[in-house]
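Bear in mind that the values in this text are calculations on the coordinates, not laboratory data. Please read these numbers as outputs of a predicted model, since none were measured by experiment. With ideal geometry, Cβ positions are generated from the backbone for all residues, glycine too; neighbour counts draw on all protein chains shown.
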Amino acid sequence: MSAILRSPGSTKQVITMAIPIFGQIHLASFLIPASAGVTKFRTLNKAMRILAVLCLFACLDVILQVLLSMRNVKNYFISDYYRVIETSFLCAVFYYSVAPKGVRDVLRGLGIIFAVIWGADVIWFNSHDQISSGMAMISRAFVLAMSLIALQATLRDERSNLVERPIFWVAMGAILYSSGTLLLVGLSNQLLALGQSYFVAAWHINWTLLIIANLFYTKGMLCKSQA
Amino acid sequence: MQVAGVEILWAVVGGSAILLILAIGYVVVLVQSHRRVMQAQQAKLEEVRTSEEKFRGIFDNSLAGIMKFSVDTWAISDANEAIMDLCGCSSLEDLQSCMSKLPRSSLESIHDSVTKYGFIAEYEIRTTRKDGGELWMLFSAKKMENGPSAQAVVVDITKRKQFEEKIKEQRALLDQTQDAIMVVDYDGTVTFWNAGAEMMYGWSRDEMTGRVLEELLYGGARRKDFQEAMEDIHRFKEWNGEHYHTRKDGKEILVESRWRTVAKAFNGKLQILIVNSDITEKKRLESQFIRAQKMESVALLTGGMAHDLQNILAPIAMSIHLLEPKVHDEPGLAILKAVGESAQSGLDLVKNILTYGRGIAGERAAVNVIHVVDQVLSLVERGLPESVHLERKLSGQTPSVLGDVNQLKQVFLNLCVNARDAMPAGGVLTVAIANIDADEGLLEYNPHADRGPYVVTSVADTGTGIREEDVDRIFEPFFTTREQGSGTGLGLSIAQGIVKSHKGFITVQSVVGEGTTFRVYLPALVEPVS
């Protein structure tokens with residue numbers, strides 16, 4: 001199988017390469033949370049419903065990117081728009097999962113700041129001819145910050161067992177993925193400049209962490225306690 | 001691969017790994033911290049659970065009934081076995097049904113108190129068990145902090161109430177007796193006072209409970225009697241005797257008193273049970289009876305003596321008439337006359353004594369008392385000084401009496417003369433006639449009299465009155481309050497003798513300085529005479 005490799009970092013050219021088996025597994029892993037979200041949608045709480053929708057968007061994003069790359073069409077803009085959707089939705093997921101008003105206000109503030117930065121990037125800096133690795137890194141940093149804040153707020157709530165709470169798994173997935181890929185997306189241009197083999201080798205980290213994150217999201221949606 | 005490329009690749013991988021490890025480490029620290037908190041919370045929960053189990057055990061095993069209910073709806077959400085047994089119920093539904101039968105007033109009282117003050121304590125309720133048996137419960141409840149629920153503790157006091165009822169019945173029985181029954185502590189403090197005591201002394205139970213008996217019933221010098229009785233009770237555990245007690249109205253009564261030590265049921269402390277019978281009246285009747293007997297003895301004695309004197313004086317009086325023709329000188333005739341008058345005077349005295357002693361049978365006929373009194377008053381009126389005013393109240397219809405006119409005249413004349421003499425400074429002599437039916441109260445004082453209608457003739461003066469100590473003696477023969485030689489002391493004795501022979505009786509009522517009233521009661525014949 002060959003496809004255009006979607007990179008969270010910026011690329012100045014279309015790279016057509018064969019996707020390794022692990023990359024294909026990573027693509028397939030998007031279906032797991034999406035299908036869990038669809039099947040369990042009625043039983044999910046508000047935050048998890050938002051996550052389910054995000055997972056569907058992720059599937060759509062992947063499908064579109066693959067289709068466009070197969071037709072040799074540039075697909076960077078999809079990643080740019082998906083990035084704001086992903087960050088905003090995760091912000092909403094965390095916002096509705098935590099109770100303290102102060103934490104909610106901080107999350108909302110981070111969401112707004114990110115939206116402003118993203119808007120500025122889209123209007124003034126991003127030409128859509130290339131993927132903005134800087135914006136990707138900022139997005140990861142915001143998600144990481146929001147995840148840690150949400151997790152800390154969740155840990156303060158001593159009402160129930162942590163592993164039984166959906167937000168714990170979602171936050172954990174987001175933390176692992178964001179922290180593990182923060183540097184990767186920031187240096188993706190440099191890696192591409194070294195050569196495709198270097199990039200693919202490094203990109204296994206991204207695939208691995210995405211698979212883990214998808215599994216964690218799925219676990220979050222399958223938690224019995226949706227209060 | 002070039003060396004620089006590999007190094008960059010390893011730098012990216014290493015950097016990502018470090019970031020990942022840092023993130024994971026941070027998460028692990030957070031989770032560990034949370035776990036410790038959770039463990040502490042778990043321990044706390046365990047403690048709460050243990051405590052709950054302990055209290056649940058107390059709840060389930062308590063001998064007192066415990067239940068949780070809604071103050072507003074009385075819906076019972078939890079109840080222990082004890083309350084189920086108490087009400088004879090086997091399920092919460094049964095208990096709910098049982099509680100719904102509580103009197104409305106009780107439900108309202110409980111609701112009001114718990115709502116207003118947050119609790120209700122030891123509220124007694126009478127209701128029925130499921131099987132219909134009587135149930136008295138002591139109900140205490142406290143509102144719980146959260147919500148409208150309250151927790152109630154219910155104790156079965158049926159046996160206690162039944163016992164109290166029995167005590168009440170026994171107390172009611174004690175109240176039935178006319179004797180005064182009281183219980184006092186060894187220091188004389190009254191702890192029980194029955195209805196008989198209330199009637200006898202005029203002090204109510206509330207007034208007497210907690211007061212010292214000695215202070216209220218034993219006035220002045222009488223306290224010594226109380227102290228002597230207490231000394232005896234300390235030594236012999238019982239005392240019987242007679243005491244003078246002071247009533248609430250200040251009147252003194254004589255009581256036959258029986259004291260016994262008794263032990264208090266709950267602590268064995270000694271108390272004194274006192275039963276008092278009012279014997280004031282009994283004593284008075286006894287003394288009246290003794291006096292009557294004494295007078296009867298005197299009458300017999302004087303009657304016998306009078307008879308002998310009559311036998312002595314009669315020949316002397318008759319001899320005077322025989323001697324008169326044989327004596328011709330003036331001094332001799334004068335002596336004979338003096339002897340004759342003395343003998344006649346002696347015979348008159350003897351006749352009076354005989355009248356007192358056995359009464360004079362005379363001839364009994366229907367007599368209109370008004371006519372008799374009217375004739376006597378016509379006679380008396382002439383002898384009254386101007387300072388004495390006579391008032392007659394003789395109008396109306398009066399039944400006849402069976403009697404001797406002359407004897408009755410003597411009675412009324414005697415009384416009128418006494419009344420006149422009692423008013424040396426003047427006053428009003430009132431004579432009145434009335435008809436009455438002798439009641440129990442009147443006959444109690446005159447036990448020889450019969451029931452039925454009586455004609456009452458009252459002779460009242462506004463004179464000096466008779467001293468209390470003399471009142472009891474005025475009917476005794478030869479008793480007089482007049483100066484020596486101015487009266488024989490037989491007038492009232494003879495009057496009483498005559499009235500008694502007519503099956504009647506005389507009463508006297510006198511207040512020193514205000515006057516005296518004599519009432520002559522004569523049994524009336526059935527048909528009235530105008």
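Quick notes on this one:
- Bridge type composition, the protein assembly as shown - antiparallel percent by DSSP, nearest 5: 95
- Gaussian network model of chain A, springs between alpha carbon atoms under 10 Å - residue of A:S35, A:S188, A:S139 with greatest fluctuation: A:S35
- Here chain B is treated as a Stokes sphere of Kirkwood radius computed over C-alpha pairs; at 20 °C and 1.002 mPa s its diffusion coefficient rounds to 63 µm²/s.
- DSSP-defined beta bridges in chain B - what % are antiparallel, rounded to 5: 95
- Within the shell of other residues whose beta carbon sits under 13 angstrom from the beta carbon of B:G57, the net charge comes to -1, with Lys and Arg scored +1 and Asp and Glu -1.
- Length-normalised contact order of chain B in % [C-alpha pairs under 8 Å, at least 6 apart]: 8
- Measuring against 32 Å, Cα to Cα, the residue pairs B:K143/B:K166; B:K143/B:K269; B:K282/B:K409; B:K101/B:K264; B:K282/B:K393; B:K282/B:K500 contain B:K143/B:K166; B:K143/B:K269; B:K282/B:K409; B:K101/B:K264; B:K282/B:K393 as the ones spanning a longer distance.
- In order along the range A:194-201, the Karplus-derived 3J(HN,Hα) couplings, from 6.51 cos²θ - 1.76 cosθ + 1.60 at θ = phi - 60°, round to 6, x, 5, 5, 5, 4, 4, 4 Hz, and Gly and Pro are given as x.
- Under the combined filter of DSSP loop state and at most 16 neighbouring Cβ atoms within 10 Å, the range B:34-95 retains these chymotrypsin sites (Phe, Trp or Tyr not before Pro): B:W74.
- 10 Å Cβ neighbours from other chains, averaged over peptide B:23-30: 5
- Peptide A:178-186 has a mean shielding of 5, counted as Cβ atoms of other protein chains within 10 Å of each residue's Cβ.
- Under 13 Å, Cβ to Cβ, from A:M172 - net charge with Lys/Arg +1 and Asp/Glu -1: +2
- Report summary: the helix-based calculation at 222 nm, which adds -39500 (n - 2.57) for every DSSP H run with n ≥ 4 and divides by the residues of the protein assembly as shown, gives -19000 deg cm²/dmol.
- Whole-Hz couplings from phi, Karplus 6.51/-1.76/1.60, listed for the range B:91-104; x for Gly and Pro: 8, 4, 5, 4, 5, 4, 5, 5, 5, 5, 8, 4, x, 4
- Antiparallel DSSP beta bridges within the range B:177-278, as percent of all bridges there, nearest 5: 100
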